[in-house]
């Protein structure tokens, strides 16, 4: 239990004191009650496609409560434009129910067949179309959660409702709303139901394009031009660097874009080539497969996932990449590939939106490198990002760097009562625990 | 498996995590028991390796750990004892008399296929092709239609063949799936000798499990082990068109496409037959990895889920594996082996 896609893979199983797969809110309530009575922490768990490591629960004596058997689509309101879903349903499962109705839930991470809606709330996740469709917080109306003390909260954008009026009043005084639940990484409670926004399936005629740039600076400028022109990008990927063993016929830096046929997108200093639907699909598959490919020599690792570039920083992309690569090389890690979503949107800890490129970086790990050494490399990259005014992607890494979000959650936990994923509030960003888990 | 249970230890990533438990089971008896049970709640279909990017050879690890689990706690696996005893004593999984391997189907088919009795191997007989039926096809009445089409096709095409009959031992696959390499090897030795004595150039089987053993573990020298779809696809450049009257779907057996990587030949035959068919998801039927013995309820749930998801109630499901056939029949689906279509087409004359 605790399997996830992060680099935090080593668990002390003796500290896992119980694993629960509730099917109903009542069963989840009973599991939390047991944890409370025994004084154990609780770690909520979804599909395990997350990259933060939050769903490992660190090294606390803890219960896992999985949402994997809470998969029901409880209600669909076409008129109201929403569906009520249990947290363990995946976007694909929700959309399988909505498709015959001509409706869609517009959050589509590449792991949409595995990632749960509850997990997407906890990470404020989204797909490579967040630029147009937003993140999870833009696609939900309310969330039901169970607190450690066993209280049921209904949280929407206006505030909190609960049968415990005193608790609701306290939380409303603090201004708690959906923004707080979004990206809270299971620290506030166990999500039991989400009202997600559904919208009609669009029928826009689109075209695909492969845009090649001379260098990183030109690419950064190109992304900025896409944003400035408010291009409604349906699909966007950026491949900034790829090892020769895996890049096939592509020569990064490049963008793969799909946007409405009647939109006139203009790029300066770039080679733009319209591509057929077949080629677009091939490139999409290639991009999805990039993390799965290994170099001919060495092993590829996903060391650090996601740093956003936005505003003026886009034009400094070349410098940024060089600086981050220098940190990697200093730690004896060989930069392997960099790809991501472009343009994209995410939220900062103060709930303001940021726009830009969300980039993933993969490196080749030399023989003998310890988990602790890798963790130190991550810390240095985060420091470097802060120095460069680059955002470590909050849905993945806020626990290291986003003090604003962390402080806000601590403020709310003081009212709600703690013991959900408490490890994330350990001193020095849980550095000791996390470094032992790499 | 993960879709059926909704429990993490059955997902590819969950299995990788379980490997960490291996280091801790010495000290925790309950954990050890759970771990051993989980090892056998797996169809060994190979899909984890395909899905997971870690590059960890889970199939190999599961084989090794199964062997270790049985060694460490044989009391947990008492349900496998009858199988082990049957294979030791009568060399088939059903515990039936070894000489009965060529009795049931011969009784049923000899009127329709004159001379079939002469095709049964006896010392001194030789043929280019040896048919290895495997335990399921030798003993199960539910396999009779496939068997009949197989023999009729071989006769129609005037193939020089023998059937191993009572000289056939189990291929060893069930023991291999429990990690019992020694027991499997004893069974294989006899099979090798028979095939050599018969001077066979090919050994043909309809069972992917048997083929894994024949091709990868029998160390046959100068004898090529072939799936029946491979044999017929090589033999027949063109085939009369099959007179298709029903919707068809192809369920590709896991052991055939993932372990043996035989993917082209079954589809090539179907194309030559001119049939239109839907490709089913490349997922297990629930019949592999001894799951029918270790957890029959789970096995049933898997095929029920497949049936519900694929919407195939009114479709004939084509497959090329006797074990998959048993699973499909168990959930009241119409099913045919590709060789049944092949013989119908050959017999019908077609276009």
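The values are calculated or read from the model by the stated rules, or taken from the named source; none is laboratory data. Just so it is clear, the model here is predicted, and its values are computed rather than measured. No Cβ is skipped: glycine too gets one built from the backbone with ideal geometry, and neighbour counts run over all protein chains shown.
Side notes on the structure shown:
- Some residue of segment B:56-66 being within 14 Å of chain A (Cβ to nearest Cβ), buried (at least 19 other Cβ atoms within 10 Å of the Cβ) and either farther than 13 Å from residue B:289 by Cα or within 22 Å of the chain's Cα centre (by Cα) (or both): yes
- Checking A:49, A:66 one by one, the residue that is under 20 Å from residue A:145 (Cβ atoms) and facing another protein chain (nearest Cβ under 9 Å) is A:66 and no other.
- Some residue of segment B:202-214 being out of contact with any strand residue (DSSP E or B) (no Cβ under 9 Å at 6 or more places or on another chain), surrounded by 24 or more Cβ atoms within 10 Å (Cβ to Cβ) and within 22 Å of residue B:258 (Cα to Cα): yes
- Filter result (at pLDDT 85 or above, surrounded by 19 or more Cβ atoms within 10 Å (Cβ to Cβ) and either in contact with a strand residue (DSSP E or B) (Cβ under 9 Å, 6 or more places away or on another chain) or not in a helix (DSSP H, G or I) (or both)) within segment A:420-438: A:420, A:421, A:422, A:423
- Test for residue A:378: is it part of a strand (DSSP E or B) and either without any contact (Cβ under 8 Å) to a residue 24 or more places away in the chain or under 25 Å from residue A:182 (Cα atoms) (or both): no
- The strands (runs of 3 or more DSSP E) found entirely in segment A:1-105 that carry 3 or more residues being over 18 Å from the mean Cα position of the chain (by Cα) are A:16-20, A:62-66, A:73-77, A:82-85.
- Of the helices (runs of 4 or more DSSP H) contained entirely in segment B:262-351, those carrying at least 2 residues that are closer than 29 Å to residue B:172 by Cα, touching a residue at least 40 places away in the same chain (Cβ under 8 Å) and in contact with a strand residue (DSSP E or B) (Cβ under 9 Å, 6 or more places away or on another chain) fall at B:322-330, B:338-348.
- Test for residue A:83: is it more than 14 Å from chain B (Cβ to nearest Cβ) and surrounded by 24 or more Cβ atoms within 10 Å (Cβ to Cβ): yes
- The condition of being at negative phi, in contact with a strand residue (DSSP E or B) (Cβ under 9 Å, 6 or more places away or on another chain), outside any strand (DSSP E or B) and outside the structural domain of residue A:351 (by TED's automatic domain parsing) holds for residue A:167.
- Under the condition of being in contact (Cβ under 8 Å) with a residue 40 or more places away in the chain, under 18 Å from residue A:120 (Cα atoms) and touching a strand residue (DSSP E or B) at 6+ places or on another chain (Cβ under 8 Å), the residues counted in segment A:78-105 number 10.
- First in segment B:111-140 and free of Cβ contacts under 8 Å to residues at least 12 places away in the same chain, second anywhere and not in a helix (DSSP H, G or I), Cβ under 8 Å, 6 or more apart: B:117/B:110
- Members of segment A:200-220 found to be out of contact with any strand residue (DSSP E or B) (no Cβ under 6 Å at 6 or more places or on another chain) and modelled with pLDDT under 90, listed by number: A:202, A:203, A:215, A:216, A:217, A:218, A:220
- The residues on offer are A:239, A:223, A:181, A:197, and the sole one that is modelled with pLDDT of 90 or more, crowded, with 24+ Cβ neighbours inside 10 Å and under 25 Å from the mean Cα position of the chain (by Cα) is A:181.
- Segment B:1-18, subset without any contact (Cβ under 8 Å) to a residue 40 or more places away in the chain and in a loop (DSSP other than H, G, I, E, B), residue nearest to the other protein chains (Cβ to nearest Cβ): B:6
- Among the residues of segment B:189-216, those identified as more than 16 Å from the chain's Cα centre (by Cα) and touching a residue at least 24 places away in the same chain (Cβ under 8 Å) are B:190, B:191, B:192, B:194, B:195, B:196, B:197, B:198, B:199, B:200, B:201, B:202.
- Scanning segment B:19-30 for residues that are more than 9 Å from chain A (Cβ to nearest Cβ) and assigned to a helix (DSSP H, G or I) gives B:19, B:29, B:30.
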